[in-house]
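Asks: Dropping the structure in here first, questions after.
The values are calculated or read from the model by the stated rules, or taken from the named source; none is laboratory data. Quick caveat, the model's predicted, so the values are computed rather than measured. Note: ideal-geometry Cβ built from the backbone for every residue, glycine included; neighbour counts use all protein chains shown.
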Amino acid sequence: MAPVYRFAVGRRSDGRDAPGDGCAQLGFAVLCLALGLGAAVPNGVLAQSTARDTLPIVRTVRIEGNAAFSDSEIKRAIATRASGCKSVFLAPLCLLKIGAFVRTERLDARELRTDVARIRVYYFRRGYRLAQVDTSLVREGDQVDVTFLVDEGAPVIVRSLEIRGLEGIADEQAIASGIELKEGQPFSEVKLTAARERIERELGNRGYPEAAVLVDALIPSSDTSSAHVALEAFSGPRSR
C-alpha cells in the first residue's frame, strides 16, 4: 500500500505554532510529499538504468523558417517536446529541480526523423506541397537544443471554386459563404474536408438527412501551382 502523508501545524500551549522541520509547515507540504515519494522507492529500482536514460535531454525545441503557420501549430503536430515544468502552478518547485515536478524529455532519433515527415505532411495537406524540412541539433553536456528548419516553398493556390447543387435550398448563400476554403488561398485538403462536412451538416439541419457532397479537385500537370475545386451537393429526399 502506498504511504499516506499527513501535514499538520502543531500548537504550543501559548497558542503559537510549534517549531519543527519544514514538513510541519503547510507551505512545504507539496515539497515534502515529493521527497517522501522519492524515499519510498526501493534503492534497487532507483539503481536501474535503461538505454533511454543515456539519451540527451531536450532543452528547447524551435521552429525556424515558418511563416504560414505558427510555432505552436507546428509543435502540436510533432512528438519531440522540450523538457519543462509539469504545470505553471508548480513553477517555484521546478526551480528547485525536484524531479517529481519536472517533465524530462529525451531525444529520440527515430521520433525526430518521423517529426520531419510529420511537418512535411502538415504542410502538404495545407497546400504547401513543396515544403522541405531539416533539423539542427546543438548539444551541450547532457542537453540538446532541437531546431526544425522549414523551407515552405510556394503553395498550390485555389484558382477556381464551384459549389453546385444548393439551388432551391434555404439560405443557399449563407451555406456557401461559410466555407473557409476560398479562391486565391492555398489549396488546403483540411479546409476542403471541412467544407464538404459543413455543407452536409447544413443540409442535414435543413431536413435532408441523406445529403452527400462529392468533391472534385484538380491540379493540372501543366500548372502544378494551381488547383481547381468543385463541390457538388446531392440533397436527397427531404424528411417529413
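Asks: Can you tell me which residue within segment 158-173, out of those that are surrounded by fewer than 15 Cβ atoms within 10 Å (Cβ to Cβ) and in contact (Cβ under 8 Å) with a residue 12 or more places away in the chain, is nearest to residue 60 (Cα to Cα)?
Replies: 160
Asks: Of everything in segment 177-196, what is surrounded by fewer than 18 Cβ atoms within 10 Å (Cβ to Cβ) and either over 29 Å from residue 78 (Cα atoms) or in contact with a Phe, Trp or Tyr (Cβ under 7 Å, 6 or more places away or on another chain) (or both)? Give them in sequence order.
Replies: Across segment 177-196, the qualifying residues are 177, 178, 183.
Asks: Going through segment 132-171 one residue at a time, which ones are farther than 30 Å from residue 201 by Cα and basic (Lys, Arg)? Full working, then the answer.
Replies: So the first thing to find is which residues in segment 132-171 are farther than 30 Å from residue 201 by Cα, and the list is 132-154.
Correct list: 139 only.
Asks: Of the conditions (1) in contact with a Pro (Cβ under 8 Å, 6 or more places away or on another chain); (2) of a type outside the set (A, V, I, L, M); (3) surrounded by 15 or more Cβ atoms within 10 Å (Cβ to Cβ), residue 148 satisfies every one except a single condition; which number is it?
Replies: (1)
Conditions tested, residue by residue: (1) outside the structural domain of residue 69 (by TED's automatic domain parsing); (2) free of Cβ contacts under 8 Å to residues at least 60 places away in the same chain; (3) touching a Pro at 6+ places or on another chain (Cβ under 7 Å); (4) among the hydroxyl-bearing types (Ser, Thr, Tyr).
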site	(1), (2), (3), (4)
105	no, yes, no, no
108	no, yes, no, no
119	no, yes, no, no
125	no, no, no, no
130	no, yes, no, no
144	no, no, yes, no
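Asks: Mind counting the residues in segment 210-240 that are in a loop (DSSP other than H, G, I, E, B) and surrounded by 14 or more Cβ atoms within 10 Å (Cβ to Cβ)?
Replies: Qualifying residue count, segment 210-240: 4.
Asks: Please name all residue pairs, on different chains or six or more residues apart, with Cβ atoms under 7 Å, provided the first residue is in segment 208-221 and is touching a residue at least 12 places away in the same chain (Cβ under 8 Å) and the second residue is part of a loop (DSSP other than H, G, I, E, B) and among the polar types (S, T, N, Q).
Replies: 208/235; 209/239; 211/235
Asks: What strands (runs of 3 or more DSSP E), lying completely within segment 128-198, carry at least 3 residues that are out of contact with any Cys (no Cβ under 7 Å at 6 or more places or on another chain), within 30 Å of residue 82 (Cβ to Cβ) and not polar (S, T, N, Q)?
Replies: Working: elements: 132-140, 143-151, 157-164.
Of the strands (runs of 3 or more DSSP E) lying wholly inside segment 128-198, those with at least 3 residues that are out of contact with any Cys (no Cβ under 7 Å at 6 or more places or on another chain), within 30 Å of residue 82 (Cβ to Cβ) and not polar (S, T, N, Q) span 132-140, 143-151.
Asks: With the structure loaded, tell me whether residue 128 is aromatic (Phe, Trp, Tyr) and in contact with a helix residue (DSSP H, G or I) (Cβ under 7 Å, 6 or more places away or on another chain) or whether it fails that test.
Replies: Values: aromatic (Phe, Trp, Tyr): yes; in contact with a helix residue (DSSP H, G or I) (Cβ under 7 Å, 6 or more places away or on another chain): no.
Taking the combined requirement at face value, the residue does not satisfy it.
Asks: Now, a different point. Is one or more of the residues making up segment 133-141 more than 24 Å from the chain's Cα centre (by Cα) and farther than 30 Å from residue 107 by Cβ?
Replies: Residues of segment 133-141 that are more than 24 Å from the chain's Cα centre (by Cα), as a first pass: 139-141.
Right, trim to farther than 30 Å from residue 107 by Cβ and you get none.
Scanning segment 133-141 turns up no residue that is more than 24 Å from the chain's Cα centre (by Cα) and farther than 30 Å from residue 107 by Cβ.
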